[in-house]
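What follows is a short report on a single structure.
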Amino acid sequence: AYFALQVVYARRKYKISPPETKGHPEFERIFRAQANCSEYFPIFVSLLWVAGIFFHQSVAAVCGLLYLYTRFRYFQGYAVAAQKRLGPMYASARLLWLLLGLAVAGLLAHFLLP
């Protein structure tokens, strides 16, 4: 919701009415950052859910909080300059891979171990 509100505020600030997505470069960066975060959210929630159920709730929760923090930093960096998004983007990708590994390990342990 925070990211979507930032798009609304940017639309008002730069006078860009929906459904337009072109305009001031700062608005375009904020809009893209919000869209990118929205695109990855279903993947994140799915991996978080599976890792929490089949691996360990606390470990999954810590990874989830770290992922949300890195996405927040990604959004902040992208709003300033496209290059400032890269560090948090790589960190959030690593956390998604970690969640995937935890989910797979938990599923394998659940279904293959007696």
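Output the 0 to 90 degree angle, nearest 10, between the alpha-carbon long axis of helix 86-112 and the longest principal axis computed from the alpha carbons of the chain. Approximately 30 degrees, to the nearest 10.
Considering only protein heavy atoms, what per residue accessible area in square angstrom results for the chain with a 1.4 angstrom probe? Display every interim value, and only then the final one.
Details: 7330 Å² over 114 residues.
About 64 Å² of surface per residue is accessible.
Between the helical axis of 57-80 and the longest alpha-carbon principal axis of the chain there is an angle of about 20 degrees.
Once you have a ≥ b ≥ c as the square roots of the Cα gyration tensor eigenvalues for the chain, tell me rounded if a/c is under 1.5, and otherwise prolate or oblate according to whether a/b is larger than b/c. Display every interim value, and only then the final one.
Details: a/c = 3.51, a/b = 2.68, b/c = 1.31.
In terms of gyration-tensor shape, prolate.
Entry note, the chain: relative contact order of 27 percent, from Cα contacts under 8 Å with a spacing of 6+ residues.
Per the 1.4 Å probe, what fraction of the accessible area of the chain, in percent, lies on carbon and sulfur atoms?
Working: 4990 of 7330 Å².
Ligands and nucleic acids excluded, carbon and sulfur give 68 percent.
Please determine, in degrees from 0 to 90 and to the nearest 10, the orientation of helix 2-14 with respect to the longest principal axis defined by the Cα atoms of the chain, where the helix direction is its Cα long axis. It is inclined by approximately 10 degrees. Between LYS84 and LYS15, the simple label model (points 7 Å from Cα in the Cβ direction) yields a spacing of 2.6 nm. Can you grab the distance from the C-alpha centre of the range 27-47 to the C-alpha centre of the range 51-96, Å, no decimals? With the range 27-47 and the range 51-96 each reduced to a Cα centre, they are spaced 11 Å.
The values are calculated or read from the model by the stated rules, or taken from the named source; none is laboratory data. This one's a predicted model, so the numbers in the text were calculated from it and none came from an experiment. Here the Cβ is made from the backbone with ideal geometry for all residues, glycine too, and neighbour counts use every protein chain on show. Surface areas here come from the heavy atoms of the whole protein model, side chains and all, with no ligands, DNA or RNA. Shrake-Rupley method; radii C 1.70, N 1.55, O 1.52, S 1.80 Å.
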